[in-house]
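Undergrad: Below is a structure I'd like to ask you about.
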Amino acid sequence: MLDTLAVLAGAALVAISLADLVNTLVSTSTSYLRWWPSRWIGRGLFVAVRGIVRRLPETSRVREAALAVFGPALLIVLLFVWCLLQITLFGLIWWGMGDTPTIEGLADAWYFSGVVFFTVGFGEIVPVESVPRVGAIVEACFGVITVALVIGHLPSLYAAYSERERALMTLDAGSSERITPAALVIAWARDADAKKLDAQSERREQWAASILETHSTVPLLALFRSHNRQQNWVTALGLLCDAALQAQLIMGATDGHAYWFLRRAEAIFREMTSGVDLGAYRTSVADTAATDSSPLFRELVATLTAHGFELRPFDEAVADARQTRQSYAPAMEYLIDDLLCPRGFWAIHSTVKRWSEDHEIERMPRSSG
């Protein structure tokens, strides 16, 4: 009876492990069930690492380095877990079957399972009956599939990462300061031509659609940090959302591609916070909008008007802006806190300049000889 239960339990758990592997790396419709091993392992490890690095200053390079390493390291950890689980569970099956004479206990069964899984083939334990032979072929097949799926997944994973990061390189307001949404809008339309804003929003909409597709099917990508510690895809998405929101205030750019970009961004934030209670963040965003938005909004309107833009009526614009921002800001704020994203975005040349100033780089004098 115990042997039968061991075989049935091992087979069922092997199926769950393989399903988790496929759900994580292959499936285009990712399941968010909380009991998937990769989900609770990844989340548990991230919470532990985040709890440690949060104690470090935000400017600490150790903090950012640990967060940058976590995403790639998690993929290796998951590969190890998937292999270990299948080896152990197949070992349980071998022990329960008892058809291999040289397997005398769980330790022998686990060892034999590992040899078969990695197709090492030492040969000191050999199945002689038909069922164990078929089982050995099945386990070897599972081992090849597991390793091949992870290795084959790497090119597409890093291709999606590169595509995401490439768009961050072009976010530049033409100054060495932190990029603000208003500065971005003005940089996009130096001559106050609303059509240029619409063209920029169209480019960003395509980027947002790519993020929505890749990060919804491979949530692991969300943990991959940007090359530069003062850039982050979540912060960039929020910056572009606020810039698109301001473009919506400008006559000639209303309901153009800025509107559709906001729709894509809202879908991204909704997907990335599926199952999360955002109640506290919604309240915080609403309270901030109620208390602070009017003075800030008047200052924004004055800035855009001074640049030469023709704006929509003030009261109408304020009401629409508050409603639109409430649709994405709570999820954005949650992700910034959860992933420890920098609250600010600098262009590449700006970050290099700041790094040089912080480290007081001295140029070596040229040799006169």
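Read the figures in this text as sums done on the coordinates, not as results from a lab. Just so it is clear, the structure is predicted and the values come from calculations on it, not from any experiment. Reconstructed Cβ throughout: ideal geometry from the backbone, glycine too, with neighbour counts over all protein chains shown.
Undergrad: If a paramagnetic tag sat 7 Å from the Cα of residue 202 along the Cα-Cβ line, which residues of the stretch 221-240 would have the backbone N under 20 Å from that point?
TA: Under cut-off, by backbone N: 240.
Undergrad: Any chance you could tell me what percent of the C-alpha pair distances in the chain go past 36 Å?
TA: I get 40 percent for the Cα pairs in the chain exceeding 36 Å.
Undergrad: Could you give the semi-axes, largest first, of the ellipsoid that matches the stretch 2-151, computed as the square roots of 5 times the alpha carbon gyration tensor eigenvalues and rounded to whole Å?
TA: With the √(5λ) rule applied to the stretch 2-151, the semi-axes are 36, 16, 14 Å.
Undergrad: Further question on the same structure: Rounded to whole Hz and in sequence order, give me ³J(HN,Hα) for the stretch 316-333 from the Karplus expression 6.51 cos²θ - 1.76 cosθ + 1.60, θ = phi - 60°, writing x for Gly and Pro.
TA: Calculated HN-Hα couplings, in order: 5, 5, 4, 4, 5, 5, 4, 5, 5, 5, 5, 6, 10, 4, x, 5, 4, 5 Hz.
Undergrad: Per the helix-only calculation at 222 nm, which mean residue ellipticity applies to the chain, given -39500 (n - 2.57) for every DSSP H run of n ≥ 4 and division by its residues, nearest 500 deg cm²/dmol?
TA: Computed ellipticity for the chain at 222 nm equals -24500 deg cm²/dmol.
Undergrad: Which FRET efficiency value, to the nearest 0.05, do you get for residue 129 and residue 9 by plugging their Cβ-Cβ distance into 1/(1 + (r/R0)^6) with R0 = 22 Å?
TA: Working from the Cβ atoms, E equals 0.55.
Undergrad: Another question, then. Express the relative contact order of the chain as a whole percentage, based on alpha carbon pairs under 8 Å and six or more residues apart in sequence.
TA: Across the chain, relative contact order equals 18 percent.
Undergrad: Assuming R0 = 51 Å, can you tell me the calculated FRET efficiency for the pair residue 263 and residue 52, based on Cβ-Cβ distance, to the nearest 0.05?
TA: Efficiency, rounded to the nearest 0.05: 0.85.
Undergrad: For the charge dipole of the chain, defined by +1 on Lys and Arg C-beta atoms and -1 on Asp and Glu C-beta atoms about the Cα centroid, which residue among 149, 210, 243 has the Cα displaced farthest towards the positive pole?
TA: Towards the positive end, the residue furthest out is 243.
Undergrad: Where the only charges are on Cβ atoms (+1 Lys, Arg; -1 Asp, Glu), what is the dipole of the chain about its Cα centre, to the nearest 20 debye?
TA: 720
Undergrad: Calculate one ³J(HN,Hα) per residue across the stretch 95-105 by plugging θ = phi - 60° into the Karplus curve 6.51 cos²θ - 1.76 cosθ + 1.60, and present them in order as whole Hz with x for glycine and proline.
TA: 5, x, 5, x, 9, 10, x, 7, 8, 9, x
Undergrad: Continuing with the same structure: Can you give the charge dipole size of the stretch 236-304 about its Cα centre, rounded to the nearest 20 debye, using +1 on the beta carbon of Lys and Arg and -1 on the beta carbon of Asp and Glu?
TA: With only Lys, Arg, Asp and Glu charged at Cβ, the dipole is about 140 debye.
Undergrad: Also, quick follow-up: Taking the Cα centre of each part, how many Å lie between the stretch 186-243 and the stretch 105-134?
TA: 52
Undergrad: Can you tell me the FRET efficiency between residue 62 and residue 338 if r is taken as the Cβ-Cβ distance and R0 is 22 Å, rounded to the nearest 0.05?
TA: 0.65
Undergrad: Helix 279-307 sits at what angle to the longest principal axis of the chain, using alpha carbons and giving 0 to 90 degrees rounded to 10?
TA: Taking the Cα atoms of the chain, the angle to 279-307 is about 40 degrees.
Undergrad: Cβ neighbours within 10 Å, averaged per peptide: list 281-288, 164-171 in order, most packed at the top.
TA: So the peptides 281-288, 164-171, ranked by packing, come out 164-171, 281-288.
Undergrad: Highest first, please rank the peptides 82-95, 323-336, 174-187 by the mean number of other Cβ atoms sitting within 10 Å of their residues.
TA: 82-95, 323-336, 174-187
Undergrad: Is there a quick way to get the dipole size of the stretch 170-357? I mean about its Cα centre, with the Cβ of Lys and Arg at +1 and of Asp and Glu at -1; what is the value in debye to the nearest 20?
TA: That gives a dipole near 460 debye.
Undergrad: Hey, got the Cα dimensions of the stretch 91-139 along the principal axes, in Å, largest first?
TA: Principal extents (Cα only, largest first): 22, 21, 17 Å.
Undergrad: Counting only other residues whose beta carbon sits under 12 Å from that of residue 56, what net charge do I get with K and R as +1, D and E as -1?
TA: Taking every other residue near residue 56 into account, the sum is +3.
Undergrad: What three numbers, in Å, describe the spread of the alpha carbons of the stretch 170-357 along their principal axes, ordered from the longest?
TA: Largest to smallest, the principal-axis extents are 43, 41, 30 Å.
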